[in-house]
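What follows is a set of notes on a single structure, which appears directly below.
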Number of protein chains: 2
Amino acid sequence: MRNLRVIERVREHSGAKALLALKCFATWSVFDLMREYMDGTTSSSLFEVRLGRETFGGETHAYSVAFADHEIDAVVANADKIIFNSIGQLERFADRAGALARGLRLNPGVSSSDFDLADPARPFSRLGEWDPEKIAPVVDELDGFMIHNNCENADFGLFDRMLGQIENRFGAFLSKVDWVSLGGGIHFTGEGYPLELFCERLKAFSQRFGVQVYLEPGEAAVTRSTTLEVTVLDTLHNGKDLAIVDSSTEAHMLDLLIYRQSAKVSPDKGPHRYMVCGKSCLAGDIFGEFSFEAPLKPGDRISINDAAGYTMVKKNWFNGVHMPSIVVRELDGSLRVAREFSFEDYKSSLS
Amino acid sequence: MRNLRVIERVREHSGAKALLALKCFATWSVFDLMREYMDGTTSSSLFEVRLGRETFGGETHAYSVAFADHEIDAVVANADKIIFNSIGQLERFADRAGALARGLRLNPGVSSSDFDLADPARPFSRLGEWDPEKIAPVVDELDGFMIHNNCENADFGLFDRMLGQIENRFGAFLSKVDWVSLGGGIHFTGEGYPLELFCERLKAFSQRFGVQVYLEPGEAAVTRSTTLEVTVLDTLHNGKDLAIVDSSTEAHMLDLLIYRQSAKVSPDKGPHRYMVCGKSCLAGDIFGEFSFEAPLKPGDRISINDAAGYTMVKKNWFNGVHMPSIVVRELDGSLRVAREFSFEDYKSSLS
């Protein structure tokens, strides 16, 4: 809830609209609540467009790194705006976009990403157009731009400097359109983020170019909202104390594996240190090393933090490990099981 | 088919039995064919045990890094043998295993893996028991052992030397049981693998200890059998020629991303070089750089090789990218669509 209240405040004070990035979080059983605090959704595929339109409502932005010919009519039918990744896609589909507002993704060549893998400004990036000479001839066909170059960026100064570079580079284009989306990856719901400065900066940007600003929070909308609840199944000692739990990084928290990161467990205090491991066959299926007040034993429960963003959207059936149920804690504290997964779900995923 | 014929030949010449490792490949619409050449399946979870029993038949081995209390009865009901990862699991569930043959996983402390992530003998590994002093007291409770320390090992000499180390370390235990599974990861269906030496080595091992040998091929059973068919959606130039296709490494060929590897495309010849990229939002969603005879354009088809092992079992709905259909090429050359995925499949994966 804290995240949503911050988003609401930023909307009020900056004039920006906020769209949930479904690529990060698409657990639609909680959209009833989220839509009260956000303007709609943005997407990265036809299926996300449809999910946003059907389950969230509000403004539905359609973006994709590349739309297919056979998808475009369904995309147009379900979206309020369509944002193309390239001039090639814009020209290919302009006629079929009808009266829909049209945008183009710009790549400013700077980003806040520490990971090459996740850096939209990496060398040879395919994400957006970067060459003003190519963009100039098509500006008149556009109603807006999308720029997404922040990534878990909790540093307002860095955001501000990069936005300045964008203004310098693309300012002439920005003033010709009606709206600009600044994408996601801005960690403005984090503790201590200078919200007033952020809102002023957004408002100044909006006024300078005469555009409606959009933000597309993903992680920022759901950070610290969700845990992965796991149960210890076995303990072992092989140089270290090991605890095996009924989950798997690869199947249920994939980014830990892709980015070689450790999970977060709180309070992570006490004299008993364990390497907490998943139950898949992968040798490196390790959540991390954590401290506990008492020795772990089968049946003990561990809560793994920050299990919402870029987590549930990536879960898979590797090893046939039982997928965790999706359980919603309602505002009154009660728990509601939104989805349980069965053997039939596993079986039907394969053929 | 070539893989399956080699497996059949190894079974005949070595006396070993061969079980398909479902963790690697579980596309059950082709099991009708595979079961003619293999003895059954091995598994890494309750759901894989059930899938093996229901869709493949034959001998069904149940292994898991850790079984849960609430799973064990269903595991026992669906398996012919149960293999425990630890002495702790053996003792916890021995009573509930009934008359089922019981095994224990041994960790010989040596492996063929080049990747720390996939190395079962890595420091602090949780995969199997390694201390002879702990194993000795429980040998009488066991009917067999499982050892899995090969990983894409195409080097018979290395396999032979590691098996020698296993004989030296655990020989006294091996001669007390009825069967030994040598796991998977032995690339004996590859070109030029010395099959006769391999069969002799297995037979000698079997005779020396008086055990039935099992092999658990995964990748070896399906290598080169399957392609991921993708279509070019857009081309761009950003320092290199880029082609965006209607798929994603992260969603459809996850190991490329986890192990930072390039896909394989054949023939990969010609004057036109492209970086082939996926359509997910991930900046590093790149299949690799390949050469083509003609410039790529939207609509062109590219076949990505080796899309069976550890691929379909890991596909996921990241970005809502449409999952590829599973299409079977029958022995007469005809194509049969085994499974198509829909928006409803995507939606129901999330809540």
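The values are calculated or read from the model by the stated rules, or taken from the named source; none is laboratory data. Just so it is clear, the model here is predicted, and its values are computed rather than measured. Every residue, glycine among them, receives a Cβ derived from its backbone with ideal geometry; neighbour counts consider all protein chains shown.
Might you let me know whether the range A:286-306 holds any residue that is within 18 Å of the chain's Cα centre (by Cα) and either surrounded by fewer than 22 Cβ atoms within 10 Å (Cβ to Cβ) or at pLDDT below 95 (or both)?
yes
Inside the range B:226-249, can you point out the residues that are more than 11 Å from chain A (Cβ to nearest Cβ), surrounded by 20 or more Cβ atoms within 10 Å (Cβ to Cβ) and of a type in the set (Ser, Thr, Tyr)?
B:Thr226
For residues in the range B:13-42 being touching a helix residue (DSSP H, G or I) at 6+ places or on another chain (Cβ under 7 Å) and β-branched (Val, Ile, Thr), which is farthest from the other protein chains (Cβ to nearest Cβ)?
Among residues in the range B:13-42 that are touching a helix residue (DSSP H, G or I) at 6+ places or on another chain (Cβ under 7 Å) and β-branched (Val, Ile, Thr), the one farthest from the other protein chains (Cβ to nearest Cβ) is B:Thr41.
Just a yes or no: is a residue in the range A:43-57 more than 15 Å from the chain's Cα centre (by Cα), within 9 Å of another protein chain (Cβ to nearest Cβ) and in contact (Cβ under 8 Å) with a residue 60 or more places away in the chain?
no
Would you pick out the residues in the range B:161-198 that are within 17 Å of B:Glu129 (Cα to Cα) and among the acidic types (Asp, Glu)?
B:Glu167
Run down B:Ser225, B:Ser247 and say which single residue is in contact with a helix residue (DSSP H, G or I) (Cβ under 8 Å, 6 or more places away or on another chain) and of a type in the set (Ser, Thr, Tyr).
B:Ser225
Any idea which of (1) modelled with pLDDT under 95; (2) within 14 Å of another protein chain (Cβ to nearest Cβ) is the one A:Ile147 doesn't satisfy?
Failed condition: (1).
Which one of these does A:Lys279 not meet: (1) free of Cβ contacts under 8 Å to residues at least 24 places away in the same chain; (2) crowded, with 18+ Cβ neighbours inside 10 Å; (3) within 24 Å of B:Ser113 (Cβ to Cβ)?
Just one mismatch for A:Lys279, condition (1).
A:Gly103 is checked against (1) surrounded by 21 or more Cβ atoms within 10 Å (Cβ to Cβ); (2) among the small types (Gly, Ala, Ser); (3) within 14 Å of chain B (Cβ to nearest Cβ) and fails just one. What number does that condition carry?
Among (1) surrounded by 21 or more Cβ atoms within 10 Å (Cβ to Cβ); (2) among the small types (Gly, Ala, Ser); (3) within 14 Å of chain B (Cβ to nearest Cβ), A:Gly103 violates only (3).
Which of the residues belonging to the range A:58-86 are touching a residue at least 40 places away in the same chain (Cβ under 8 Å) and either more than 18 Å from B:Cys281 (Cβ to Cβ) or surrounded by fewer than 22 Cβ atoms within 10 Å (Cβ to Cβ) (or both)?
Selection gives A:Glu59, A:Asp80.
Within the range B:126-156, work out how many residues are within 15 Å of B:Ser111 (Cβ to Cβ) and free of Cβ contacts under 8 Å to residues at least 12 places away in the same chain. Write out each step before concluding.
Restricting attention to the range B:126-156, the residues satisfying the condition of being within 15 Å of B:Ser111 (Cβ to Cβ) are B:126-128, B:130, B:146-155.
Adding the requirement that they be free of Cβ contacts under 8 Å to residues at least 12 places away in the same chain leaves none.
Going through the range B:126-156 one residue at a time, the tally reaches 0.
Return yes or no: is B:Leu257 under 23 Å from the mean Cα position of the chain (by Cα), closer than 24 Å to B:Glu152 by Cβ and facing another protein chain (nearest Cβ under 8 Å)?
The answer is yes for B:Leu257.
Take the residues in the range A:263-276 that are surrounded by 13 or more Cβ atoms within 10 Å (Cβ to Cβ) and under 22 Å from A:Met312 (Cα atoms); name whichever of them is farthest from the other protein chains (Cβ to nearest Cβ). Steps first, answer last, please.
Looking only at the range A:263-276, we keep the residues that are surrounded by 13 or more Cβ atoms within 10 Å (Cβ to Cβ), and these are A:263-265, A:268, A:272, A:274-276.
Retained after the next criterion (residues that are under 22 Å from A:Met312 (Cα atoms)): A:263-265, A:276.
Numbers: A:Ala263: 16, A:Lys264: 20, A:Val265: 18, A:Val276: 10 Å.
This residue is A:Lys264.
State yes or no: is B:Val30 hydrophobic (A, V, I, L, M, F, W, C), surrounded by fewer than 24 Cβ atoms within 10 Å (Cβ to Cβ) and either free of Cβ contacts under 8 Å to residues at least 40 places away in the same chain or farther than 28 Å from B:Phe205 by Cβ (or both)?
Considered against the rule, which asks whether it is hydrophobic (A, V, I, L, M, F, W, C), surrounded by fewer than 24 Cβ atoms within 10 Å (Cβ to Cβ) and either free of Cβ contacts under 8 Å to residues at least 40 places away in the same chain or farther than 28 Å from B:Phe205 by Cβ (or both), B:Val30 comes out as yes.
Are any residues in the range A:76-93 under 21 Å from A:Val211 (Cβ atoms), within 14 Å of chain B (Cβ to nearest Cβ) and not β-branched (Val, Ile, Thr), and if so, which ones? Please lay out each step first, then the result.
The initial filter retains those residues of the range A:76-93 that are under 21 Å from A:Val211 (Cβ atoms), namely A:79-85, A:87, A:90.
Add one more test, that the residue is within 14 Å of chain B (Cβ to nearest Cβ), and what stays is A:79, A:83-85, A:87, A:90.
If the condition is that a residue be under 21 Å from A:Val211 (Cβ atoms), within 14 Å of chain B (Cβ to nearest Cβ) and not β-branched (Val, Ile, Thr), then A:Ala79, A:Phe84, A:Asn85, A:Leu90 are the ones that fit.
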